[in-house]
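These notes concern the structure reproduced below.
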Protein chains: 2
Amino acid sequence: MTKSIFYHAGCPVCISAEHDIINLIGADNVELVHIGEDRKRIAEAELAGVKSVPALLTPNKNVLHLNFGASIADVKG
Amino acid sequence: MTKSIFYHAGCPVCISAEHDIINLIGADNVELVHIGEDRKRIAEAELAGVKSVPALLTPNKNVLHLNFGASIADVKG
C-alpha cells in the first residue's frame, strides 16, 4: 500500500477535511472512500482502526482521525 | 504563509501524529511548534482556531485537529 486512504461520509466536516488533505498531500496520493455510500468498506475501515470520519489511513497503517465529523456507529445507523 | 504549522505538546499522541504528518507532506513543508515549551505561541494557536493538540494549521488557514491528545486548556495548565 503506497497511497493513503481517506474515509469519509460526505458530511460538511468531511468535505472540508478532504479538500485540505488533497491540497496537502496531492490527489494522486490518496484514495477517497465514502463509507456512507460504499458501505461494504465500513468493515475494512473499522478493521484498520477508524473510529470516526473523516479519517486518514496512512501508508504505514496509522489512522489520523481528523476534525470529528461522525462516529462509525452513526454511519452504520 | 506557504508552510503548514503543526502544533503539539510533546505527548505520545502528538509525536506519533508528527511522524505521520512529516511522512505525508514532508519535513520541509511543515513548521513544528511545541506549545508546551514555546508557550508564547499558545495565544497564536488559539487565535488560529486550535482547540486541541496535535493540530495542523494548513497554508489556507484551516485547522485539522488530529487524534485527540490534549486540550489547549490542559496545556495552559
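Some notes on this structure:
- Residue within segment A:60-77 that is in contact with a strand residue (DSSP E or B) (Cβ under 8 Å, 6 or more places away or on another chain) and of a type in the set (D, E, K, R) present: no
- First in segment A:21-46 and among the acidic types (Asp, Glu), second anywhere and surrounded by 15 or more Cβ atoms within 10 Å (Cβ to Cβ), Cβ under 8 Å, 6 or more apart: A:31/A:4; A:31/A:5; A:31/A:6; A:37/A:10; A:46/A:72
- Flag if residue A:33 is in contact with a helix residue (DSSP H, G or I) (Cβ under 6 Å, 6 or more places away or on another chain) and of a type in the set (A, V, I, L, M, F, W, C): yes
- Only one of the numbered conditions (1) in contact with a Phe, Trp or Tyr (Cβ under 7 Å, 6 or more places away or on another chain); (2) within 25 Å of residue A:29 (Cα to Cα); (3) free of Cβ contacts under 8 Å to residues at least 24 places away in the same chain; (4) not charged (D, E, K, R) is violated by residue B:63, and that is (1).
Read the figures in this text as sums done on the coordinates, not as results from a lab. Note that this is a predicted model, so its numbers are computed, not measured. In this analysis, Cβ positions are derived from the backbone assuming ideal geometry, glycine residues included, and neighbour counts consider all displayed protein chains.
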